[in-house]
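Report on the following structure.
The values are calculated or read from the model by the stated rules, or taken from the named source; none is laboratory data. Quantities reported herein were computed from a predicted structural model and do not represent experimental measurements. Because the Cβ atoms are built from the backbone with ideal geometry, glycine has one as well, and the counts that use them run over all protein chains shown.
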């Protein structure tokens, strides 16, 4: 199957050849997953829960609702944005780990562009953010799976897609490498490894990160997205990053795109979460083109 990699500023570049597709490491046992998640949250940069924000008037119509969680207490706060006119698909919007949670998508035009192109969209707050229940005891892909199930119920058989930003895109890899049913995905500002990202952003926690790496070896290996990217069960994918992102480095974004057989847009001069600010039209355009390719089936990724 065809694998295409696009480089920013140069259109579609010939692929360098398919990467050797690693198998996804076995998920760690539940006790290790929970202990590793607890340690990471204790070490990572602190983030206060922000106040829930209603979508602005320009995003009407929308519906606020709650999603039942299957593996954690409480519910997930979510918002449904119907397509304008007849729908062709539905997109799960997974926010970064920021105080405003799903309200991050109230700006920068993603929802408006999806709606105009004929896509329903669903945004939600990860556990511990916004109006959602507490953090999950294990990895966050459990919350994503519950949100994806909610999207599927509302989409009534339409093609499903995912657009994940930073932490939202990171945890999406763990879900999409083990679950079918999502056609296309866009990943913005995603680091290869959560612990390596944290070491760069909060280096004072180095002793704790070493405990994580060598004390929870199975969890550390499982969280390396270089193993998940070749096994994403998608028909088309794209990666977006900032050339000056010091946490999710450009060379790592390039490697994930290569391993996934995906297109790549690196925005010159952009830091973390800045690609959409500096090159919004290019980011949104790439996203819509990726979803369309997934639905046509002409962007099929190599799977072996």
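Summary of values
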| read-out | value |
| --- | --- |
| Residues satisfying the stated conditions in region 54-74, i.e. in a loop (DSSP other than H, G, I, E, B), closer than 21 Å to residue 172 by Cα and in contact with a helix residue (DSSP H, G or I) (Cβ under 9 Å, 6 or more places away or on another chain) | 69, 70, 71, 72 |
| Pairs, first touching a residue at least 12 places away in the same chain (Cβ under 8 Å) in region 102-114, second assigned to a loop (DSSP other than H, G, I, E, B), C-beta under 6 Å, six or more apart | 102/95; 102/125; 103/53; 104/95; 104/98; 106/55; 106/56 |
| Every residue from region 252-293 that is within 21 Å of residue 225 (Cα to Cα), in contact with a strand residue (DSSP E or B) (Cβ under 8 Å, 6 or more places away or on another chain) and surrounded by fewer than 20 Cβ atoms within 10 Å (Cβ to Cβ) | 254, 271, 272, 273 |
| Every residue from region 139-175 that is under 8 Å from the mean Cα position of the chain (by Cα) and on the phi > 0 side of the Ramachandran plot | 166 |
| Residues located in region 218-251, provided they are modelled with pLDDT under 95 and surrounded by fewer than 15 Cβ atoms within 10 Å (Cβ to Cβ) | 246 |
| Given (1) modelled with pLDDT under 95; (2) farther than 23 Å from residue 294 by Cβ, index of the condition residue 192 fails | (1) |
| Tally of residues being assigned to a loop (DSSP other than H, G, I, E, B), within 16 Å of the chain's Cα centre (by Cα) and farther than 12 Å from residue 186 by Cα across region 250-273 | 2 |
| Any hit, region 116-137, residues being under 20 Å from residue 265 (Cβ atoms), in contact with a helix residue (DSSP H, G or I) (Cβ under 6 Å, 6 or more places away or on another chain) and in a loop (DSSP other than H, G, I, E, B) | yes |
| Selection within region 230-249 - under 15 Å from residue 168 (Cα atoms) and part of a helix (DSSP H, G or I) | none |
| Extreme residue, modelled with the highest pLDDT, among residues of region 36-52 that are surrounded by fewer than 18 Cβ atoms within 10 Å (Cβ to Cβ) and in a helix (DSSP H, G or I) | 38 |
| Residue in region 166-185 that is in a loop (DSSP other than H, G, I, E, B) and within 18 Å of residue 41 (Cα to Cα) present | yes |
| Flag if residue 113 is modelled with pLDDT of 95 or more, surrounded by fewer than 19 Cβ atoms within 10 Å (Cβ to Cβ) and in contact with a helix residue (DSSP H, G or I) (Cβ under 6 Å, 6 or more places away or on another chain) | yes |
| Single match in 299, 205 (criterion: at pLDDT below 95, farther than 30 Å from residue 38 by Cα and touching a helix residue (DSSP H, G or I) at 6+ places or on another chain (Cβ under 9 Å)) | 299 |
| Given (1) over 20 Å from the mean Cα position of the chain (by Cα); (2) at positive phi, index of the condition residue 52 fails | (2) |
| Number of positions in region 197-208 that are within 23 Å of the chain's Cα centre (by Cα) and either without any contact (Cβ under 8 Å) to a residue 12 or more places away in the chain or part of a helix (DSSP H, G or I) (or both) | 5 |
| Matching residues, region 75-107, being assigned to a loop (DSSP other than H, G, I, E, B), surrounded by 18 or more Cβ atoms within 10 Å (Cβ to Cβ) and in contact with a strand residue (DSSP E or B) (Cβ under 7 Å, 6 or more places away or on another chain) | 83, 95, 96 |
